[in-house]
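Here the structure is laid out as structure tokens; the discussion comes afterwards.
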Amino acid sequence: MLTLLKMKTLDQLKIGESAVIKSFSQRDLALKFMEMGCLPGEKITLTNIAPMGDPIAIEVSGYQLSMRKKEASTVLLEE
Amino acid sequence: METSPQKIINSTSKISVALIGNPNSGKTTLFNALTGLNQKTGNYPGVTVDKHLGFTKFKISENNYSLSITDLPGAYSLYPKSIDEEVTCKVLLGIENNPPNVAVVVTDASNLKRHLLLATQVIDLKIPTVLVLNMIDEANAQEIKIDIEELKRVLGIEVVSVNSRNKEGLEELKNKITLANVSTNSFYENIKLETFKLGTSDFRKAIENQFHNDKIYRHQLNKFEEADSLYRFNVINYIFAKTVKSPQHITKSVSEKIDKILTHPVFGYGILFLVLLIVFQCIFFIADYPMGWIENSFSFFMQKAAANLPAGQLSDLLVNGILAGLSGIVVFIPQIALLFFFIGLLEDSGYMARVSFIMDKLFRRFGLNGKSVIPIVSGVACAVPSILGTRTISNTKERLITIFVTPLMSCSARLPVYTLLISLMMPDKQILGIFNLKGFALMGMYLLGFAATLITAFILKLIVKTKEKSYFIMEMPVYRTPQLKSIGIIVVNKIKIFLWEAGKIILAISIILWYLSSHGPSKSFHILEKNYTEQETWAESKAKRMELRAIYESHKLEASYAGWLGKKMEPIIKPLGFDWKIGIALITSFAAREVFVGTMATIYSANDKESNKSVREKLLKEKENNSEKPKYNEAVCWSLLVFYAFAMQCMSTMAVVYRETKSWKWMMSQLIYMSGLAYLSAFVTYNLF
């Protein structure tokens, strides 16, 4: 659990920052993410944050995807 | 019927085609381009998803073909995560009907990788399949090159590139549909048709019934679906590398630049405010003109019919029951058309996703969706089109809550009631030199409605439970120019749905209400009529006759079943400060709240029913029993105002709620909640004074 807490997750990115997806911490969300093209090993870039700080938008495999921060926090990133 | 998938489609045959694709693949635009207005809208059994069926006929070298094309709801995969995806999955699997003869998978050519997931799943169903590379123009503009021949070879099916905006490739697509084949390739080892059935809710239910706990099953299924998707994407990456050449740097800069403005903390909300203002102005003020024409032509026909038909029950039913009911249905068309036109523009352009993006956090707290903002704001004009417009909200719980609370917004039909009541009790006083006191009261009513909307949504958020998983993982499509013709077809379809499905309920209730207010316990009714006819023959002037007529109608209403009910319910509404006369108005305005003013005019035998002024004068003169105090004092008026702000009093809304939720329970809870809220609030208001 401690290692999980330390892991970098998608919601921690800043605008313009890129990272590579490592894995997912929630199984049912993982499938949805994968269907939307967010696969382990895929490079993503945070492109936009809504004015109220949530949701966020990322660029993945050539298109823009938006999600809530809570959902983004289940996407674990490579360090 | 025999539908062996391997069978080659013979000439002159009817081919059933299913159109499948991710949301934003341009599937509906393609569907509209293929079939035009030659469409039928129905329902999938048991769910609130509309079934769009279109037809087209063509000839290829002496052979006649006729296609019936189903536009399936958008889906990202065949492992359903929403009602929409489930419907799509079921149709393709042929669970409730025969599977389609041909599946046409529509993909966005500029975003092929993700779209191929669904394509490979459909191909594995072993249905004859055609792949459409839609919006090929956009891919070309981005210098994405697709090797169609190679793609055909690796997928093992026909591939067509289409630009549904200028209809390029449509003829070729039709041709390829007739040549569709089953691929011999398979994209997941040993995948079987049965496997896909595991994910549908029917199967889940069966498992649940059998084992009472499907946790383990669900876990296993999830694991399998994950493995399947991973495997497929590996294959797709390979296919993609072999067939698509896209420039290293993808330039989506235009969309990004627009986003900078439209999701900006200041400009973003400013522009949204402007957009809402324009939409609101149009459905509130512009729709007023055609609505006026419709009402005028109906009353013209009603007068003509009344004058030309022989007096009697049947013509009364025709004029005051059926024609009046029809008028009450048709009158909604301008508002529905305008609202759907705007929703179409917002959706097609890609702006709706941005509205959702910037409003989500605020609305989520109240159990609503970012997209709820359009229906709720439009609710100020009319709840009927707004509720029909909640279709854009894909989350079931958030959509149901939006449907439930929208009628609490003060709609335009409440305006005449508000104006009459406010003018009864308030002096024409200026505040701070420029503001009118009445204006403040009116604004207060609108704010009251808005507050009730949000509070109710918040309460429902805590109560309503759905099994459906709630996501906000949503594509932000690139900005595109909306397709006016395609939007036009959608508007026409929405109007058709409203006329047929909500229309019949509205008409039925109109007729019931007509009966209640024009018939009564026979004896007293008969005497009344006789007296009136006698007196009328003795009346010496036209003015006198008009006066007599007004008095007669007032007595007639009092003697009718509606009058009888109004008197019977007096004990119930007395705590709110209402008497039996208001009781009658409550009953007759159950169908539509604006009828309140007209009924009050009839009860108080006002000569001129059209103008507020004459009703107002009569009501002002009304005194409380055996006293000189005016009956319509502040307490009664405020109580009535609050009552009309919250009470349902609109059968068109109820009909539409039923149609959109497919549930009597949901409709009735809304009616009971709103009536209860209206009663309690009016009670509190009356006793505060």
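Some points to look at:
- Scan of region B:645-682 for residues that are aromatic (Phe, Trp, Tyr) and surrounded by fewer than 22 Cβ atoms within 10 Å (Cβ to Cβ), ordered by number: B:658, B:664, B:666, B:673, B:679
- Some residue of region B:57-76 being part of a helix (DSSP H, G or I), within 14 Å of another protein chain (Cβ to nearest Cβ) and not aromatic (Phe, Trp, Tyr): no
- Against the list (1) surrounded by fewer than 24 Cβ atoms within 10 Å (Cβ to Cβ); (2) within 14 Å of another protein chain (Cβ to nearest Cβ), the condition residue B:130 fails is (2).
- Top-ranked residue of region B:478-492 - restricted to ones that are β-branched (Val, Ile, Thr) and away from every other protein chain (no Cβ under 14 Å), ranked as surrounded by the fewest Cβ atoms within 10 Å (Cβ to Cβ): B:481
- Across region B:221-256, the qualifying residues are those that are in a helix (DSSP H, G or I) and polar (S, T, N, Q), and the one among them that is surrounded by the most Cβ atoms within 10 Å (Cβ to Cβ) is B:229.
- Test: residue in region B:629-640 that is closer than 25 Å to residue B:509 by Cα, in a helix (DSSP H, G or I) and modelled with pLDDT of 80 or more: yes
- Some residue of region B:417-440 being without any contact (Cβ under 8 Å) to a residue 12 or more places away in the chain and of a type in the set (Gly, Ala, Ser): yes
- Extreme residue, farthest from residue B:675 (Cα to Cα), among residues of region B:423-466 that are in a helix (DSSP H, G or I) and either small (Gly, Ala, Ser) or assigned by TED's automatic domain parsing to the domain that holds residue B:639 (or both): B:439
Rundown of residues vs (1) small (Gly, Ala, Ser); (2) farther than 26 Å from residue B:261 by Cβ; (3) surrounded by fewer than 24 Cβ atoms within 10 Å (Cβ to Cβ), yes/no style:
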residue	(1), (2), (3)
B:337	yes, yes, yes
B:342	no, no, yes
B:383	yes, yes, no
B:392	no, no, yes
B:396	no, yes, yes
B:401	no, yes, no
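- Against the numbered list (1) buried (at least 17 other Cβ atoms within 10 Å of the Cβ); (2) charged (D, E, K, R); (3) closer than 22 Å to residue B:52 by Cα, residue B:475 comes up short only at (3).
- Residue in region B:272-281 that is more than 20 Å from residue B:510 (Cβ to Cβ), over 20 Å from the mean Cα position of the chain (by Cα) and buried (at least 18 other Cβ atoms within 10 Å of the Cβ) present: yes
- Among the residues of region B:403-429, the ones that are among the charged types (D, E, K, R) and either crowded, with 24+ Cβ neighbours inside 10 Å or in contact with a Phe, Trp or Tyr (Cβ under 9 Å, 6 or more places away or on another chain) (or both) come to 1 in all.
- Taken together, B:564, B:514 contain a single residue that is in a helix (DSSP H, G or I) and crowded, with 19+ Cβ neighbours inside 10 Å, which is B:514.
- Residues of region B:17-38 satisfying the condition of being crowded, with 19+ Cβ neighbours inside 10 Å, among the polar types (S, T, N, Q) and either assigned to a loop (DSSP other than H, G, I, E, B) or touching a strand residue (DSSP E or B) at 6+ places or on another chain (Cβ under 7 Å) (or both): B:22, B:24, B:25, B:28, B:35
- Strands (runs of 3 or more DSSP E) within region A:13-79 that include 1 or more residues at pLDDT below 90 and either under 19 Å from residue B:259 (Cα atoms) or more than 9 Å from chain B (Cβ to nearest Cβ) (or both): A:63-67
- Set side by side, the residues B:512, B:495, B:473, B:506 differ, and just one is within 14 Å of chain A (Cβ to nearest Cβ) and either without any contact (Cβ under 8 Å) to a residue 60 or more places away in the chain or hydrophobic (A, V, I, L, M, F, W, C) (or both), which is B:473.
- Residue-level check: of (1) within 21 Å of the chain's Cα centre (by Cα); (2) of a type outside the set (Gly, Ala, Ser); (3) at pLDDT below 95, residue B:603 misses just (1).
- Among the residues of region B:231-256, those that are within 26 Å of residue B:154 (Cα to Cα), at pLDDT below 85 and within 9 Å of another protein chain (Cβ to nearest Cβ) comprise B:246, B:250.
- Screening B:118, B:125, B:112 for residues that are away from chain A (no Cβ under 14 Å) and touching a strand residue (DSSP E or B) at 6+ places or on another chain (Cβ under 8 Å) leaves exactly one candidate, B:125.
- Single match in B:378, B:410, B:386 (criterion: in contact with a Leu (Cβ under 6 Å, 6 or more places away or on another chain), within 22 Å of residue B:673 (Cβ to Cβ), away from chain A (no Cβ under 14 Å) and not basic (Lys, Arg)): B:378
- Pairs linking a residue in region A:9-34 that is in contact (Cβ under 8 Å) with a residue 40 or more places away in the chain and closer than 20 Å to residue A:50 by Cα to a residue that is crowded, with 20+ Cβ neighbours inside 10 Å and among the small types (Gly, Ala, Ser), with Cβ atoms under 6 Å and 6 or more positions apart or on different chains, are A:10/A:72; A:11/A:72.
- Segments classed as strands (runs of 3 or more DSSP E), wholly inside region B:81-181, with at least 3 members that are within 31 Å of the chain's Cα centre (by Cα): B:102-108
The values are calculated or read from the model by the stated rules, or taken from the named source; none is laboratory data. A quick note: this is a predicted structure, and the numbers were derived from the prediction, not measured. FYI the Cβ positions are ideal-geometry reconstructions off the backbone, even for glycines, and counts take in every protein chain you see.
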